[in-house]
Amino acid sequence: MTAGGPGDYPALLDALHADIAPGRFVASPSGRVLASAEALGAAGAGRFTRFGLACVPAPTGSARDDVTAGRFAEGLLTLQHTVLRRTLTHTIARLGERVSEGTSLLARPQLQADLADVAMELQEDAAEPAEEAGRDVRWARHARLTRTGRVLLRLLGGYSMLAEGPGADLYLAEVAGNVYLQPEPGDRLRPETGDDDA
Amino acid sequence: MTMPETVRSATSHGPRPRGEWTDALEHFLREAARDLRAPGAALDADPDAVHRFLHLPAVRLQQHMLTPARYARDEDLLPRYVPAEASCAEWILAAEWLAYGDPGMTLASPGPALSTAVLRALADDAQRDWFFTRTSDWPTWAFFALTEPAKGSAATELTARLDAAPGGDGWVLTGEKMYIGNGAHARVGVVFCRRAPGPWGIEAVMVDTADPGFHAETLPLVGLRGARISRLRFDGVYIPPERVLGRHRPRSRRGLQGALQAMLWFRPSVAAFALGVGRAACDYVLEQRPALAGAGRAEVDGLLDRSRRLRRLLHEVAAEIDAGSPNTFRVSGVKMRAACLAEDATMLAARLLGPASLIEHPWLDKVYRDVRAFEFMEGTGNIHRRGVFQGLLRDDYFTPRDRDDRPGRAVEGVI
């Protein structure tokens, strides 16, 4: 599995594990590890293996301390942001190739507005302060990025459902957030739509 | 169970009265849907596993309900109150329950699928015989091929070509179709193609997939794998003259009209699929968290309320279709909003069931992926938004509520 285009989320996730905890995996708060099936030696009939991913109980020696977990969680959000930026570029290129009623789909105001909204959300997300954030802040950020990704998936139409396209990467980013970033139900949560609540 | 004779002998798809038999039908559908959860999971792992479940009554429904009564053959396998040649209202009732069970299994089931609406709209008797005698063989899948790789489902812009065959007898079909349900497994299908420039140059032709020049491959999907979405290629497939649908009609009432009729008839089905899965996701949360209270419970209740409102609107648009006075703008609105609801419901369920819920609840993970397809099936949300806007411009979007007697009706007229 190599990084560099649609379908490489598992490889990017492996790289994140290696960067944050060299030689080990980082465990989720619920004691699981999500990584490429290849890295986990879990090739087989697992539910996620067709996407190149596996989720297993954290192997012995996995990093479980709060500091490492926090850095990994921040890294996951950076990864989700990166995949979204790439998908935005991909979406613009793909819609630009499509012609309807004699003009590019990119000439449609609705699509222009959707793409601009995605760009503004990503720009705002990139302005997130670099200091260590709490779990609730990270979850809210993940939820915003997920909604942003869903806008792109809608713009991509049927193409977004192809397992070898960007839709699969965005889905895996959502699964990773569900495993590593989602707080326990009793945790205090910020409103997911926190932007309007100031 | 007794049933009005009008139900059993109905051969048209006009409205039928609600009553005891619809209650029985709904009860049957609810029970049949229960059988679909485990097969749905198997299909998610292997889309071709549908062959292991062909004995299930729920898997027989699509073929029976979408086939004209004179060709339907499942009288001994399904209760008598399951109608053949179902009305739109009857089919959405079935579609919602079947999707509540599993949407992938519903779309994987053999039968004429969307093509039935094209046949109903355009075909002569000989053409119906040709098509439905084939789709009545069990199990037989059929496809409806409109969408193209570079054009989406814009019916007026399609590029697949229908050229006169050398020698002048019949036609030759050339082109590609994309995102076609069951395309690679079908025996027959309806293909929309262009014979001449302009909207009246569009034709709908019946294709036998055994004919030379037909190629198909199943596409690997993130979700809704049971639909076995396919890419089709037609390399000079010969189309005999009698397989051009509506050849007895004027050109203005042939291919394009068939496409529009089929999309109009099936958009409510997609809304019904979405409502079924959305409701299933809410019910699943309440089953798994029976003590759920506070804000989480309020969110689930809010979604169920939305679902009830949309179901009412859905049944209204279906009744309008059955009555022959469809409102395409309202159909668009219901379809788009139902697709949103399904997505919201699965995302809410994933959140309320806690960290790693997509790992711990395989069914939830499956429908979490499946529902994304409802957004673009039978037209994307943006297309439907434009449709609703067109309805507003024509002052033809809002449903007249003359018979409502709720408080405040007296002041409504001042708007």
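The values are calculated or read from the model by the stated rules, or taken from the named source; none is laboratory data. All values derive from a computational prediction rather than experimental measurement. Note that each Cβ is placed from the backbone with ideal geometry, even for glycine, and that neighbours are counted across all protein chains shown.
What the table below lists for this structure:
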read-out	value
So B:L303, is it in a helix (DSSP H, G or I) and within 27 Å of B:T22 (Cα to Cα)	yes
B:R225 touching a residue at least 40 places away in the same chain (Cβ under 8 Å), within 14 Å of chain A (Cβ to nearest Cβ) and surrounded by fewer than 20 Cβ atoms within 10 Å (Cβ to Cβ)	no
Every residue from the stretch A:20-60 that is in contact with a Gly (Cβ under 7 Å, 6 or more places away or on another chain), over 23 Å from A:P166 (Cβ atoms) and away from every other protein chain (no Cβ under 14 Å)	A:I20, A:R24
Matching residues, the stretch A:30-45, being touching a helix residue (DSSP H, G or I) at 6+ places or on another chain (Cβ under 9 Å), at pLDDT 95 or above and closer than 15 Å to A:A73 by Cα	A:R32, A:V33, A:L34, A:A35
Options A:L156, A:L77, A:L145: the member that is under 30 Å from B:P197 (Cα atoms) and either part of a strand (DSSP E or B) or in contact (Cβ under 8 Å) with a residue 24 or more places away in the chain (or both)	A:L156
Candidate set: the stretch B:166-178, residues that are touching a residue at least 60 places away in the same chain (Cβ under 8 Å) and either part of a strand (DSSP E or B) or under 13 Å from B:P220 (Cα atoms) (or both); chosen: the one nearest to the other protein chains (Cβ to nearest Cβ)	B:T174
Any chance B:A216 is farther than 23 Å from B:T156 by Cβ and part of a helix (DSSP H, G or I)	no
Of the criteria (1) buried (at least 16 other Cβ atoms within 10 Å of the Cβ); (2) assigned to a loop (DSSP other than H, G, I, E, B), which one B:H248 fails	(1)
Residue within the stretch B:293-302 that is touching a residue at least 40 places away in the same chain (Cβ under 8 Å), in contact with a Lys or Arg (Cβ under 9 Å, 6 or more places away or on another chain), surrounded by fewer than 24 Cβ atoms within 10 Å (Cβ to Cβ) and within 29 Å of B:D48 (Cα to Cα) present	no
Total residues in the stretch B:343-365, condition at the interface with another protein chain (Cβ under 9 Å from one of its Cβ atoms) and more than 15 Å from B:R297 (Cα to Cα)	9
Residues satisfying the stated conditions in the stretch B:155-173, i.e. under 26 Å from B:G379 (Cβ atoms) and either surrounded by 14 or more Cβ atoms within 10 Å (Cβ to Cβ) or outside the structural domain of B:L245 (by TED's automatic domain parsing) (or both)	B:A155, B:T156, B:E157, B:L158, B:A160, B:R161, B:L162, B:L173
Qualifying residue in the stretch A:6-29 (condition: surrounded by fewer than 16 Cβ atoms within 10 Å (Cβ to Cβ), modelled with pLDDT of 95 or more and under 22 Å from B:G354 (Cβ atoms))	no
Counted residues, the stretch B:243-292 - those being free of Cβ contacts under 8 Å to residues at least 60 places away in the same chain, hydrophobic (A, V, I, L, M, F, W, C) and in contact with a helix residue (DSSP H, G or I) (Cβ under 8 Å, 6 or more places away or on another chain)	1
All positions within the stretch B:35-50 that are in contact (Cβ under 8 Å) with a residue 24 or more places away in the chain and not basic (K, R)	B:D35, B:L36, B:P39, B:G40, B:A41, B:L43, B:D44, B:P47, B:D48, B:V50
Members of the stretch B:1-44 found to be of a type in the set (G, A, S) and modelled with pLDDT of 95 or more, listed by number	B:A38, B:G40, B:A41, B:A42
Filter pass, A:E128 being touching a Lys or Arg at 6+ places or on another chain (Cβ under 9 Å) and exposed (fewer than 14 other Cβ atoms within 10 Å of the Cβ)	no
Qualifying residue in the stretch B:143-160 (condition: part of a loop (DSSP other than H, G, I, E, B), over 22 Å from the mean Cα position of the chain (by Cα) and hydrophobic (A, V, I, L, M, F, W, C))	yes
Whichever residue in the stretch A:74-108 is among the small types (G, A, S) and either more than 18 Å from A:G134 (Cβ to Cβ) or more than 11 Å from the chain's Cα centre (by Cα) (or both) and, among such residues, is nearest to the other protein chains (Cβ to nearest Cβ)	A:S100
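To keep it simple, each residue is scored yes or no on (1) among the β-branched types (V, I, T); (2) without any contact (Cβ under 8 Å) to a residue 12 or more places away in the chain; (3) part of a loop (DSSP other than H, G, I, E, B); (4) surrounded by fewer than 21 Cβ atoms within 10 Å (Cβ to Cβ).
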| position | (1), (2), (3), (4) |
| --- | --- |
| B:K335 | no, no, no, no |
| B:A338 | no, no, no, no |
| B:A342 | no, no, no, no |
| B:T346 | yes, no, no, no |
| B:A350 | no, no, no, no |
| B:G354 | no, yes, yes, yes |
| B:W363 | no, no, no, yes |
